[in-house]
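Visitor: If you scroll down you'll find the structure; I have some questions about it.
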Amino acid sequence: MARPKNKAAVDICADCGTLEPGWASVNRGILLCDECCSIHRSLGRHISHIKSLYKGMWNMHQLNMVHTLNDNGANSIWEHSLLDPSSLKIGRRKPQPKDPLHPTKAEFIKAKHQQLVFVLRPSKEEFCTEEELSKQLHSSVRTVNLETSLRLLAQGACPNYFYKEKGTTPLHVAARAGQALQIELLIANGGNPSIIDCNGQIPAEIAKAAGHLDLSERIIECMYDVTDRLTQYVCLQKPDHRLDEHLIIPDWSSLLEGALDRTDSTYDARKKLQMLPNNLLEELAMDVYDEVDRRETETVWFTVASLPERCTVPFLPVNPQLSSTRNQGRQKLARFAPKEFTTLIVDLLVEAGCRHMKAYNAKLQGCQDKLGKHVSQISDDEPLYDTVASDDDYAQTSIDNANSSEPKSGTKEANDTITKDLPSVIEVLKKQLTLSEIMVRDLQNEIRSLKSTVQYLTQENEELKCVIQTTNSMDETLNGHAGPEPETILDKSNVPRINQRPVSMYETREGIRKPSSWNVTMSQPKRDTEIISRLNTQSLWECGASSLPSSEDVTRRTEQVTKRIQELWMAMQDPSHREAFVPCAKKIRIAVAELTSIFPQSPTEENIKSALRQLNGNIGRLQTECSGLERCNGDNEQIKCCLQQVQSCAYDIAKATKLLVTQFQIS
């Protein structure tokens, strides 16, 4: 492997200076000793991706990228302020090899790699946004300067940034320029090798068009890195992507006799796995991939580390970018016994293969549609598969594989199995047909229900028109003059709505669902008397402009606002769960919107107008304060100050709500 000419005589640990380190951080581009590596492993792969230099599975380009960065001073990027005399901090020094691991080395490594304390930060005059840094990265990856690209990534540049004016990402630029090491650096720091440009091309296609065939094959390997790693872990095989073999379906006959242990619980778990949507299945595969990496690294660790029992990583570290539920699920993967874990991986690979075949067939069908046979009815938002094979189908596949003398793998094995196992395929099609018939019946029932609803609403609308016309004729008789035709009155925008109010976008049509409040006819003398009395007190046009809601509506909706404020108050009792504040603020905003929607835009009462103004003003301030409190990472005093601001906003909203209810009770 080619190494730079200015390489140091002896490699040293980037964090403490120990000679002859045996580990590497792939995304940091540095070498590490055993003790410092143990702290890196406890931080998680999202912070530092650890591999053994001598027993890890390396690609030639990936290993060359790490050595190139290490030999050219990549560590100075992570220790910039320590090396800069003008920004040297008092009491802060780099640990030495003989310093204790805890707390000296551990605290330094966390500050250096987790908190990025020593990374170069642009001054206020030189401040660059993330977009500007990403544009610089977009230009840097076409060169051989890996250190420049790593510095931009450390400062916040996005490896998947899409340059709108040029229609490409850094991965496309590096692929066109043939910069294999830049590709490895981008992917190690979160770059997506499957990302497309403005022409719908992936980086592998760009590299192939530019004549970089080896680089194109390497990018394709990175696209299938997850399934390749899982296959390697289960059956010690790896697909040959050069032959368009992108997935190996494990041989069930051998695995059933060996590692796999099939029970009722595993069959139930597989059924749940088959029901997962594509995005959740991908997340599960990534979590299992991380667990495989942890277990394999742990195995290497016990064979090469000097004191392995002191620095083990029993489960996946917490990733703050993921939800707490997903982090708990990731940690529970460590409880799986080897047989259980192997069973889960095999089920994942089988399910991935099934969905891959469905997607491939759908793609072929789409190509035929474009040729003019028929137009596809599949939406981009719908999954490209209808169902998956049942447990009996998998068992039948295992029997066929056991009786077959010719080994099969990948897509070819799946195709041969489907061809030779026609009865199984027929059963699957029958089940799909049954599910489709059930879905059609459900849709027909829903259509009938919707039709009845439409008929009911149409009838209700006709009744409302009759009520409005009757009211207008009464008003004309009382005023002693003939008015225009009813059709003319209905065309006016200011016609009175007789207690009818606009339906809020946050509420259901409650008034319409209660026909007793709308079914007003000429045979109801009491109701007609109330209408005539109301029309005598105000003109036809003033009634629609200044009509106020009933006190029952106001009371009911203010109770909803009070209930939401109480939920926020309960969440504030535990400041450590600040992620619950923003959802509570949103619920309060919805409740306030429902309350204000029943009032006219310009109420005549000054107290009501003032209360509504306070509600609308304070709800926006409450959401802002809750968002600021959720992002607050300061000391306890700062958090306490933010809590007081949220309490003040909630109090003002409650005060305005109480003023509104009191005003209606008085009136």
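The values are calculated or read from the model by the stated rules, or taken from the named source; none is laboratory data. These numbers were taken from a predicted model, which means no experiment stands behind them. Glycine gets a Cβ as well: all are built from the backbone with ideal geometry, and neighbour counts include every protein chain shown.
Visitor: Looking at the stretch 250-301, which of the residues that are basic (Lys, Arg) and under 28 Å from the mean Cα position of the chain (by Cα) is modelled with the lowest pLDDT?
Guide: Arg270
Visitor: Would you confirm whether or not the stretch 47-60 contains a residue that is in a helix (DSSP H, G or I) and farther than 30 Å from Leu322 by Cα?
Guide: Within the stretch 47-60, one or more residues are in a helix (DSSP H, G or I) and farther than 30 Å from Leu322 by Cα.
Visitor: Mind listing just one residue for me: the one in the stretch 453-485 that is of a type in the set (A, V, I, L, M, F, W, C) and modelled with pLDDT under 70 and, of those, surrounded by the fewest Cβ atoms within 10 Å (Cβ to Cβ)?
Guide: Selected residue: Ala482.
Visitor: Tell me, which residue of the stretch 139-174 that is under 30 Å from Ser81 (Cβ atoms) and touching a His at 6+ places or on another chain (Cβ under 8 Å) is surrounded by the fewest Cβ atoms within 10 Å (Cβ to Cβ)?
Guide: Tyr161
Visitor: Applying the selection to the stretch 551-587, what residues are of a type in the set (D, E, K, R) and touching a residue at least 40 places away in the same chain (Cβ under 8 Å)?
Guide: The answer is Asp553, Arg557, Arg578, Glu579.
Visitor: Restricting to the stretch 597-627, count the residues that are crowded, with 17+ Cβ neighbours inside 10 Å, β-branched (Val, Ile, Thr) and assigned to a helix (DSSP H, G or I).
Guide: Total satisfying the criteria: 2.
Visitor: Taking the stretch 10-31, which residues are closer than 12 Å to Leu53 by Cβ and among the polar types (S, T, N, Q)?
Guide: Within the stretch 10-31, Ser25 is the sole residue that qualifies.
Visitor: Conditions: (1) at pLDDT 80 or above; (2) touching a Leu at 6+ places or on another chain (Cβ under 9 Å); (3) among the aromatic types (Phe, Trp, Tyr). Phe664 meets all but one. Number of the miss?
Guide: The number of the failed condition is (1).
Visitor: Then there is this: Is it the case, given these coordinates, that Lys135 is under 32 Å from the mean Cα position of the chain (by Cα) and surrounded by 15 or more Cβ atoms within 10 Å (Cβ to Cβ)?
Guide: yes
Visitor: Given the condition crowded, with 19+ Cβ neighbours inside 10 Å and assigned to a helix (DSSP H, G or I), answer yes or no: does some residue in the stretch 92-99 qualify?
Guide: Among the residues of the stretch 92-99, not one is crowded, with 19+ Cβ neighbours inside 10 Å and assigned to a helix (DSSP H, G or I), which makes the answer no.
Visitor: A further question on this structure: Can Leu659 be described as assigned to a helix (DSSP H, G or I) and in contact with a helix residue (DSSP H, G or I) (Cβ under 6 Å, 6 or more places away or on another chain)?
Guide: Yes; evaluated as a whole, the condition is true for this residue.
Visitor: While we're here: Since Cys198 meets every condition but one in (1) buried (at least 19 other Cβ atoms within 10 Å of the Cβ); (2) touching a Lys or Arg at 6+ places or on another chain (Cβ under 9 Å); (3) among the hydrophobic types (A, V, I, L, M, F, W, C); (4) part of a loop (DSSP other than H, G, I, E, B), which condition does it not meet?
Guide: All conditions pass for Cys198, except number (1).
Visitor: Looking at the stretch 316-332, I want the residues that are hydroxyl-bearing (Ser, Thr, Tyr) and have a partner that is assigned to a helix (DSSP H, G or I) with Cβ atoms under 9 Å, at least 6 apart or on another chain. Which pairs are those?
Guide: Ser324/Glu579
Visitor: Looking only at the stretch 272-281, count every residue that is loosely packed, with under 13 Cβ neighbours inside 10 Å and either free of Cβ contacts under 8 Å to residues at least 40 places away in the same chain or under 12 Å from Leu344 (Cα atoms) (or both) and tell me the total.
Guide: Here the count works out to 4.
Visitor: Just one of Asn64, Asn72 is modelled with pLDDT of 95 or more and surrounded by fewer than 18 Cβ atoms within 10 Å (Cβ to Cβ); which is it?
Guide: Answer to the selection: Asn64.
Visitor: Right, next: So, of the residues in the stretch 548-570 that are among the aliphatic types (A, V, I, L, M) and either at pLDDT 80 or above or out of contact with any Pro (no Cβ under 9 Å at 6 or more places or on another chain) (or both), which turns out to be surrounded by the most Cβ atoms within 10 Å (Cβ to Cβ)?
Guide: Looking at the filtered set, the residue picked out is Val561.
Visitor: While we're here: Is it fair to say Ala177 is modelled with pLDDT of 95 or more and surrounded by fewer than 20 Cβ atoms within 10 Å (Cβ to Cβ)?
Guide: Yes; evaluated as a whole, the condition is true for this residue.
Visitor: Can we say Lys358 is modelled with pLDDT under 90, within 23 Å of Leu273 (Cα to Cα) and among the charged types (D, E, K, R)?
Guide: Yes, satisfied.
Visitor: So which residues in the stretch 80-99 are of a type outside the set (A, V, I, L, M), at pLDDT 85 or above and out of contact with any helix residue (DSSP H, G or I) (no Cβ under 7 Å at 6 or more places or on another chain), if there are any at all?
Guide: The answer is His80, Gln96, Pro97, Lys98.
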